[in-house]
Amino acid sequence: MRSTRQPIPGCRYLTGEEYVRYNGANPIAHGGILFGLASKVLGKKMPGFGTIYFSQLVNFLAPVFINDTVTCVATITALLPKHVAKISTIVTNQSGQIVMDGVSTVKLPGSLMLQVAAAALNAA
């Protein structure tokens, strides 16, 4: 995802922030945009459609500036009872610097649980 000026007015409206934050002369993208990226990855890519968000712990580690390109990687770190999983999310900028990390707790979609079970049987 590339951070541009377009999402900022919508994010500012939703959060009630009246001013764009700056680091020197560079405007900083709102953290909600990064959080939204992690949510999009979990809901549409991995685990995907049918995922139910329970919680998200987020650490903002460095600013993201307008025109930065960011990438979010999600990794299942633990499978818990009742189709619940812990998922690590790491967002990096175009230089590979980690700008946000966190841990999500989600209920996995049934179709993914079938894939996990099949993979476990094949590994045994």
Self-check item: Residue list for the stretch 67-95, filter: farther than 17 Å from Leu34 by Cβ and surrounded by 13 or more Cβ atoms within 10 Å (Cβ to Cβ)
Solution: Ile76, Leu79, His83, Val84, Ala85, Lys86
Quiz item: For the stretch 92-124, what are the residues that are over 17 Å from Ser55 (Cα atoms) and either modelled with pLDDT of 90 or more or not hydrophobic (A, V, I, L, M, F, W, C) (or both)?
Solution: Thr92, Asn93, Gln94, Ser95, Gly96, Gln97, Ile98, Val99, Gly110, Ser111, Gln115, Asn122
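The values are calculated or read from the model by the stated rules, or taken from the named source; none is laboratory data. Bear in mind that the values here come from a model prediction, so they are computed numbers and not experimental data. Glycine gets a Cβ as well: all are built from the backbone with ideal geometry, and neighbour counts include every protein chain shown.
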